[in-house]
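One structure is given below, encoded as structure tokens.
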Amino acid sequence: MGRSLAKTCTILLAITMGLVLSGCQNFQREPDNSLYLQLGERSGIANIVEDLLYLIVDDDRINAQFKGINVAQFHSNLTDQLCELSGGPCEYSGRDMREVHQSMGITNTQFNALAENLILAMEENNIPTAAQNRLIKRLLPMYPDIRHL
């Protein structure tokens, strides 16, 4: 009876480990949407973008760069872009960053002003600092396309 019990326990342990490992593998394949959730999902991101737009209008360092834009389209595109970057289910379908910014001649001061306003908009929406930093980190690779060094 002892051998039979040991063998049964070994089989159960193997099955359990197999289930645990397969569960871990499935967990690893799941997309990381924790930043998206921390930003308040699509509606929270839309609120951040809306507040950002108000900050842009009031910021003399950058508001001239935004004169004449289609505000509704800009809001929609940026919301989609931030949603996608944060791991959400959205898909950005706007123009390529290099194409959009090619003739704008954006300075470092203007780039930094927009980043500062984005942080202020996130703070106004009570986004945790760690989530703010994670989003900024995901936006940084776009810098060369926006700034054209």
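In this rough spin-label picture, where each label sits 7 Å from Cα along the Cβ direction, the Arg61-Asn126 distance is 2.8 nm. The amide H of Ser86, built 1.01 Å from its N in the peptide plane, has no neighbour under 5 Å, considering only residues 5 or more places off or on other chains. Glu123 sits among other residues whose Cβ lies under 11 Å from its own Cβ, and their net charge, with Lys and Arg +1 and Asp and Glu -1, is -3. Amide H contacts for Ile106 (H built 1.01 Å from N in the peptide plane; partners 5 or more residues away or on another chain; cut-off under 5 Å): none found. Phi angles across region 50-56 convert, under the Karplus curve 6.51 cos²θ - 1.76 cosθ + 1.60 with θ = phi - 60°, into 3J(HN,Hα) values of 4, 5, 4, 4, 5, 5, 4 Hz, Gly and Pro given as x. Other residues with beta-carbon under 12 Å from the beta-carbon of Pro89 carry, at +1 per Lys or Arg and -1 per Asp or Glu, a net charge of -3.
No lab work stands behind these numbers, since they all come straight from the coordinates. These numbers were taken from a predicted model, which means no experiment stands behind them. Every residue, glycine as well, gets a Cβ built from its backbone with ideal geometry; the counts of neighbours run over all protein chains shown.
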